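Structure first, commentary second.
What follows is calculated from the coordinates using simple rules that are stated; it is not laboratory data. Computed from a predicted structure; not experimentally measured. Backbone-built Cβ (ideal geometry, glycine too); neighbour counts: all protein chains shown.
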Amino acid sequence: MFGSSDSDNPMGGLLGDLLKVIGSGPGAGDSWFEAARTLAFGVATDGGQDENPDPLVRIAFEELARVAELHVADATGIASPGGGGVSFEAVGPGQWSFRVLEAYRPVLKSMVDAQQQGAAAVPASMDLSELDPDDAGGLSGLLGQFALTLGPVFLGMQFGSAAGHLARRAFGQYALPLPWPESPTLLLVPGNVARFAEDWSLPLQEVQLWVCLRELTMHAVLTRPGVRASLTTLLGDASAHAAAAQRSIVERLGDGLGNPAALEDALGDPEALLSDLISPEQQNISSALTAQTTAIGAYVDHVTAGIAETLTSSPAALREAWYRYRIEEGKGEQAFAGLFGLNVGQDEVDRGRTFVTGVVERAGEDALARLWGDELDLPTPAEVDAPGLWLARIGLLD
C-alpha cells in the first residue's frame, strides 16, 4: 500500500510521507504562501542576509520627502490622501519581497484556490494507505492527490521567484504602477537606490529626491478613488480568468492520469493544452489593464522629470538613466507583472511616452490631469495609441 512502510513499495511510501508532511496539519492551506516567502527572500538577498537600512538614510529620505510632497501637490493638484503627510519606511530587498507578496496575497490566493479546485477530483481526505500501486485507479488517485497538495506549493514558488527578482530592482513601493493596500506609509529600498546612483555616476541625493518625487506622484495618482477602483477591478478580473485557465489545464491533465494515452496526447500538443490560457475576454482585460498602467506610468515619469528640472543639477542625466533602467530586461518586473497579464516592457514604456507627448502637443500640460480625474476618463488601448481620440472623447479636442 502507498501509505505503508512496505519495502516493496519505496516510492509509494515516499510520496505518501511527503503528502502527509506538506498536505496535512495546522496551516497546511498556507503552504503555498510560505513557499513563496521563502523563495522570495532567498532570491531577493541572493541567499544571504537582508540589508539593514541605516536610520540616517531614512531620515534623509524623510527630509527630501517634505520638499518633494509640496512640489508633487503643486504639479498634480492632488493633496495628500486623507489630508495628512506621507511617511517613508526604509527596508531591505528581502523585507520588501515579503511586503509585496502580502500586498497582493488576495489576488494570488485566488489563483491558488482555482488550481486546487482543478485538482480536487480526488478528495483531500483520501486515505493514502488504501491506494493499491498495482491498480490504475489507485495510481491515478495518488497522482491526483499529489497534484492537489504540491501544485499550490509550486505555484507559490513561482510567485516567490517573481517577487524576489522584483525586490532586487525596486526603489520603492511602486515598482509597478499598481495599487497597494491603503496606507500613509510608503516603502523605500535605499540599498537599491544607492546602487543605481553609483552605477550611473549620479549624485546620490539627487537620485533619492527623484525616487521620492516618483513614489509620491505614483501614490497620489493610484490612491485616487476612480483610478484605484478601475485598476482593482481589472486586476480581479485578470486573476479570475488566469485562475480559470489554470483550473482548466489541471482538470485536463487530471483526466489523463487514469488514461495514459489521453495524457500523452495532451502533453504532446502543448499549443492545444495552453489554448485556454488566453481567452479573447482575458486578452481584452489584459489590454485594458496594460493601457491604463502604461498611461499612468508615463504621466508619473513626466511629472517627476518636470519637477526634477528645477530641483536637480543633472535632470537630463537622471531622466535618461531612469529610462534606460526601465527598458532593461527586468526579470522581476516582467515576471511579476505577467502574473496579472500586464506588459511592462520597452514597447509599453515608449508607447506611454508617445501618448503623453501627443496629449501635451495637442492640448497642453493641464490636459494630462484628466487621466486621473475620473474612472471613465482613463484611456482605452486604442486611445493610448491615438491620444487625439482620448482628448476628443473627454471633450478637450474639437
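A few notes on this one:
- The Cβ shell under 14 Å around residue 292 holds other residues with a net charge of -3, Lys and Arg each +1, Asp and Glu each -1.
- Relative contact order of the range 297-398: 22 percent, from C-alpha pairs under 8 Å at least 6 residues apart in sequence.
- Summed side-chain charge close to residue 65 - residues other than residue 65 whose Cβ falls under 13 Å, Lys, Arg +1, Asp, Glu -1: -2
- Under 11 Å, Cβ to Cβ, from residue 173 - net charge with Lys/Arg +1 and Asp/Glu -1: 0
- Protection proxy ranking for 87-95, 212-220, 308-316, 192-200, using the average of other Cβ atoms within 10 Å per residue and placing the highest first: 212-220, 87-95, 192-200, 308-316.
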